[in-house]
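Derivation of every value follows stated rules applied to the coordinates shown; laboratory data play no part. Given the structure is predicted, the values throughout are model-derived calculations rather than measurements. When we count neighbours, we look across all protein chains shown, and the Cβ atoms used for this are built from the backbone with ideal geometry, even at glycine.
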Amino acid sequence: MKKITVTLSLLLVLSSISFLFACANQKPIEGVVIETNEDDADVSIEEVAIETREDDSDDRVPRDSYLAISDESIGSSGRRWDQPEGYNAYRIHVTNNRNEKLTVTVSYDNGNKRWSFEVPANDSRTRTVNNAWSGRHNVSFTTSSGALSGTISVRVSDENL
């Protein structure tokens, strides 16, 4: 029994070392990147060059990440978070509980840069931005009726998500 435990422990250590070496060889993507696992037709961009990808299979593990906004209600005053220096990525998840389309707009650089996406009625969407700007990010929400109901979460990371 002791021999099996030692063998399993050794295999676990070796696989952890192998994983760390694999993560260390990842190269960052240049520029701002928004990744999505949904149809990109509902993403609009103003003043920012962004590359979108549908592949959401990247399995890298961030060295440090946390929820800057954790399942908070959306509202007419919007939400905001501070993207720390050195944290190059964030993932935003929005759930729309209304029977109408919701437009989500993220602005940064003192409001000079912005991008938006739509969340269909009674649905959710997730968008990932790599190589994000540091500083204050503001999120606003709009519907055709002006009524809002749903939630938002934002995870920031020092590694691409």
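The stretch between ASN138 and ASP82, if pulled fully straight at 0.36 nm per residue, gains 19.3 nm over its current Cα-Cα span.
Within region 96-129, what residues put their amide N at less than 11 Å from the label point 7 Å along the Cα-to-Cβ vector of SER145? Hits in region 96-129 for SER145 at 11 Å: 98-101. Since only TRP115, SER157, ALA68 are under comparison, the one whose Cα sits farthest along the positive direction of the charge dipole of region 57-161, derived from C-beta charges on Lys, Arg, Asp and Glu, is TRP115.
Compute, for region 83-131, the length of the dipole vector about the Cα centre, with Cβ point charges of +1 (Lys, Arg) and -1 (Asp, Glu) only. Units Debye, rounded to 20. Could the numbers behind the result be given before it?
Details: 7 positive and 5 negative charges, 15 e Å.
Roughly 80 debye, rounded to the nearest 20.
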